[in-house]
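A short worksheet on the structure shown next.
What follows is calculated from the coordinates using simple rules that are stated; it is not laboratory data. This structure is a prediction, so every number in the text was calculated from the model and none was measured. Here the Cβ is made from the backbone with ideal geometry for all residues, glycine too, and neighbour counts use every protein chain on show.
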Amino acid sequence: MRNTKTLLRPCPVCGATHGTVLRAMRFAVFDDCPLTGEFEVILCDECSFVFYDTPNTLEDFTLFYEQHYFVSGYTAKGDVAVMRAKNSPFEVMGPRLRDDARICDIGCGKGDLLLSFKRQGYANLFGVDPSLDCVEYLNREHDLNVTLGTATDTVHQPGSFDCILSTHTFEHIMDLPEAARSIADLLADEGLAYIEVPDLTRYDAFPGRAPITYLFYEHINHFTPYTLKRLFAEAGLTMIDYGRKVLDEELEPSIPGCFAVLQKGNKLAVPDKVQTLEPGSPDEYLKLFAGDSTPANRTLQKLAESGAEVYIWGINFFLQRVMAMTPLKDCNIVALIDRDAIKQTKTIEGKPISPPSAIEGASPDSAVVVWRGPCGASISHDLKNAGYSGTIVVA
């Protein structure tokens, strides 16, 4: 039986106020984090968009990104991964653009996408980013025209650009219709936009990786090509192409992505594959997010039952979910450990985050829980080199 509810956050694509609960999520967030660690994943009953129903406001998310958003092993390599993957933004958009095209990257970060276009001879390049550090770095080191702002708060005038790029930004945005309208306003007539986001339809594409892995607590929107098409159609942009990709299979987890090419003015033919896009069914999504196949669940349950001392090393949103939604929450956790000096100023449920020296003198009967990604592999290597003789659990 489907569990439907009246929403705290109306559907950000169509505005519907009722939806189906796909599952509840919990994260052990930092004690001073402005975002709640508990929310529900919702399927809109009207347009089939999947998103988080959260009591948090735009102001809460703004504060989160300004003061609480830590770089993980994935996000540190994210911009490079976007370009290295097959169907990179330049591969898709380069053949569609004139040499003198005015190109703007919304949420440009450290500028890897803009620099890829610069290396191919494009000169009219602009960027917008909410990080002052990124803005100053790109203007100083690469002589790019980058300004402080967001998709909905920028100094640029309507019609300023022939092409707008936005990669892995829209999954973070609270007010999607406003952001989509802003993209449309900034484009010149017949201008093109390239929008790339994680691809909900392939969260189950990698053996051994549960779909729940992709439910990061700051990814409040989960797109398919169909819902991308619908969102931007409401803003006056027509999808003229779409595709799928994988962001760097060396990353853990690899991120399945999809992209849309959109046009203002609808001057180009719309291919059949775009016209025939269909929404997913409720049963598909309910099945997708049923259960939690965290590989270490059985081991964590045994640790909880034994009462052994447990250290958690490497505090990121993957382990913060494991801390709240698996038997790890019932374990005898004696220390949280991270190398990041900023994280060492934080607490979770009153427990301070300590430097690696906290592991010194650990009992051979203890266990250290680490993330299964590249940072976790590095931590496991360091523990073995340091002579740690307890159990290392990769979650």
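Could you work out how far the C-alpha centroid of region 137-209 sits from that of region 37-70, in angstrom? Region 137-209 and region 37-70 have Cα centres separated by 18 Å.
Packing here is the average count of other Cβ atoms within 10 Å per residue, and on that basis the peptides 267-277, 311-321, 359-369, 165-175, highest first, run 311-321, 165-175, 359-369, 267-277. Computed from the C-beta positions of Ala269 and Ala290, the FRET efficiency with R₀ = 41 Å rounds to 0.55.
For the chain, DSSP calls about 50 percent of its internal beta bridges antiparallel.
Note on Cα extents along the principal axes in Å: of the candidates (1) 117, 54, 43; (2) 68, 55, 36; (3) 81, 47, 40, the value calculated from this structure sits at (2).
Taking 0.36 nm per intervening residue step and subtracting the Cα-Cα distance, what contour gain separates Leu132 from Glu91 on full extension? Result: 11.9 nm gained on full extension. Computed extension length for Glu38-His68: 9.1 nm, one decimal, from 0.36 nm per residue of separation with the Cα-Cα distance subtracted. Working from label points 7 Å from Cα in the Cα-to-Cβ sense, the Asn3 to Asp100 distance is 5.9 nm. Working note: 222 nm ellipticity from helices only, DSSP H runs with n ≥ 4, each -39,500 (n - 2.57), summed and divided by the residues of the chain, gives -7000 deg cm²/dmol to the nearest 500. Judged by the mean number of other Cβ atoms found within 10 Å, the most tightly packed of the peptides 331-337, 130-136, 28-34 leads the ranking 331-337, 28-34, 130-136.
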